[in-house]
1. Which value in deg cm²/dmol, rounded to the nearest 500, describes the helix-derived mean residue ellipticity at 222 nm for the chain, given -39,500 (n - 2.57) per DSSP H run of n ≥ 4 and division by the residue count?
2. Take each of the peptides 242-255, 78-91, 108-121, average the number of other beta-carbon atoms within 10 Å over its residues, and list them starting from the highest.
3. Using each residue's phi in the stretch 160-175, evaluate 6.51 cos²θ - 1.76 cosθ + 1.60 at θ = phi - 60° and report the 3J(HN,Hα) Karplus result to the nearest Hz, with x for Gly and Pro.
4. If you roll a 1.4 Å probe over the chain with all protein chains in place, what percent of the accessible area is carbon or sulfur?
5. Cβ neighbours within 10 Å, averaged per peptide: list 262-268, 2-8, 137-143 in order, most packed at the top.
6. Using alpha-carbon pairs under 8 Å, 6+ residues apart, how would you state the relative contact order of the stretch 1-150 in percent?
7. Using 0.36 nm times the number of residues separating Lys232 and Ala23, minus their current alpha carbon distance, what extension gain do you get?
8. Looking at the chain, send over the antiparallel percent of its DSSP beta bridges, to the nearest 5.
Amino acid sequence: DDIFETGSLSKLLTASLVSLLEAEGKLSFDSKINNHLPTEYQNPRLDTLTVSHLLAHQSGFPKRPYYFGKKEKDIQNPYAHYKEEDLLKFYRDYIPRKGGFEYSHTNYGLLELVINKVTGESLQDNLEKYIFSPLGMESSFVDLTEQKTEVLVPGYNRAMKTVSPWSFSSFKASEGLKSTAADLVKYLRANMEMSGTPLDKLLDRNFTITSKPGFNSRLGVGLGWHEIDMHKFKIYMHTGRTSGYNAFAGMVRDTRTGVIILSNSSIGTEDLGMQILRMINYNWKRLNI
């Protein structure tokens, strides 16, 4: 029940939120991004860019916007001073250089602007309404107030010194989620149709959409999740990292097994998470798939 920063695990919940809004008819995977941004920031060079392109990292945007560092006053707190207006200006002036897959935080920073526009509510309010409350994720949030700062487990950098939690003027949908292992297990259960809530069927739609080409022939990217083809089954996973925390989420939907690892260390958790998930499925479960 300890609360950690989860970094890019935030993208999983953002993708789920977009899917839920799409199911309600408030948003379409095929809707153009230009249509959801203020007129003065629309980019005619990106008129074919859609929500689906952002979700599956098919936009070609760089990992972070160009000249991001000009707003960075503290390398340990990179998003504190990069405002939504800065992101909108980057989008407006961006000249596409290439298409295809490129993993990018920028995609999900833009999705946050789209979500806010179509709902008229903040990302925190939308996550609370559509995901946190239905699943009983009572210790999860993206808005970090001064009162909540002290509830996080202290994070440590490579020098083993404590670091402050990240604060966000934008990009919460990409890397802003704070959560617990217990809450994230509830989220995994919904993605494996085990939560007993309507989200089971609604989130199942995310996995019926064919993953678009990702890192290589065995690694694909769908709606938030990265898909690894293990031949006997598919692993869906994602990792997250901030200055003092690392996180791993992975599952095999066919066998209804999942792993959550949260660490208040700069050292990664992906290898351990994948090893545990493979161990559960190859050594502990009899696969009749």
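The values are calculated or read from the model by the stated rules, or taken from the named source; none is laboratory data. All values derive from a computational prediction rather than experimental measurement. Here the Cβ positions follow ideal geometry from the backbone for every residue, glycine too, while neighbour counts run over all protein chains shown. Side chains included, ligands, DNA and RNA excluded: accessible areas come from the protein's heavy atoms. Shrake-Rupley method; radii C 1.70, N 1.55, O 1.52, S 1.80 Å.
1. Mean residue ellipticity, 222 nm, calculated: -8000 deg cm²/dmol.
2. Result, highest mean first: 242-255, 108-121, 78-91.
3. The phi angles translate into 6, 9, 5, 10, 6, x, 5, 10, 10, 8, 6, 6, 4, 5, 8, 8 Hz.
4. Of all accessible area on the chain, carbon and sulfur atoms account for 48 percent.
5. In descending order of packing, they fall as 2-8, 137-143, 262-268.
6. Once normalised by length, the contact order is 28 percent.
7. Gain in length upon complete extension: 72.2 nm.
8. In the chain, approximately 95 percent of DSSP beta bridges are antiparallel ones.
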